[in-house]
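Before any comments, here is the structure.
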Amino acid sequence: MTRSDHHRLLDMQEAVVDLTAIVARGRAEWDRDKLLRLAAQKLLEIVGEAAKQVSDETRVRHPDVPWRDLARVRDVYTHAYHRVDHDLMWEQLVTQLPELRSALDDIEDGFGQA
């Protein structure tokens, strides 16, 4: 059974909330805790995979979400996991996560009941 856009958006929002909690722990904790970095990487994969699966209709209705960029990030973290730059990942989380969270939060719930 295929998941609805509504469910995929909820997955993305949940992952972004978890990523926000990771960032809130601070850079020192990020540098110290490998499992924290791996958790963030997995959460970004979830965001990207959900973004890939959202319908074209939803993408068009919500152009403020960087759908393609999220999908590309997922591909890098999944297929080039051995080349992930955790310093760059941190900078992207700090600078881009608030905008993504805002864009996802602004999407109206027009997808029916969960």
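Below is a table of values for the structure above.
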quantity	calculated
Matching entry among 103, 24 (being out of contact with any His (no Cβ under 6 Å at 6 or more places or on another chain), within 26 Å of residue 3 (Cβ to Cβ) and not aromatic (Phe, Trp, Tyr))	103
Residue within region 28-41 that is modelled with pLDDT of 95 or more and not in a helix (DSSP H, G or I) present	yes
Answer from 97, 104, 44 - the residue that is touching a Ser or Thr at 6+ places or on another chain (Cβ under 8 Å), surrounded by 17 or more Cβ atoms within 10 Å (Cβ to Cβ), in a helix (DSSP H, G or I) and not β-branched (Val, Ile, Thr)	97
Among (1) in a loop (DSSP other than H, G, I, E, B); (2) surrounded by fewer than 14 Cβ atoms within 10 Å (Cβ to Cβ); (3) β-branched (Val, Ile, Thr), the one test that residue 65 misses	(2)
Every residue from region 1-28 that is among the hydroxyl-bearing types (Ser, Thr, Tyr) and touching a helix residue (DSSP H, G or I) at 6+ places or on another chain (Cβ under 8 Å)	20
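The values are calculated or read from the model by the stated rules, or taken from the named source; none is laboratory data. Bear in mind that the values here come from a model prediction, so they are computed numbers and not experimental data. Cβ sites come from the backbone with ideal geometry, for glycine too, and all protein chains shown count toward neighbours.
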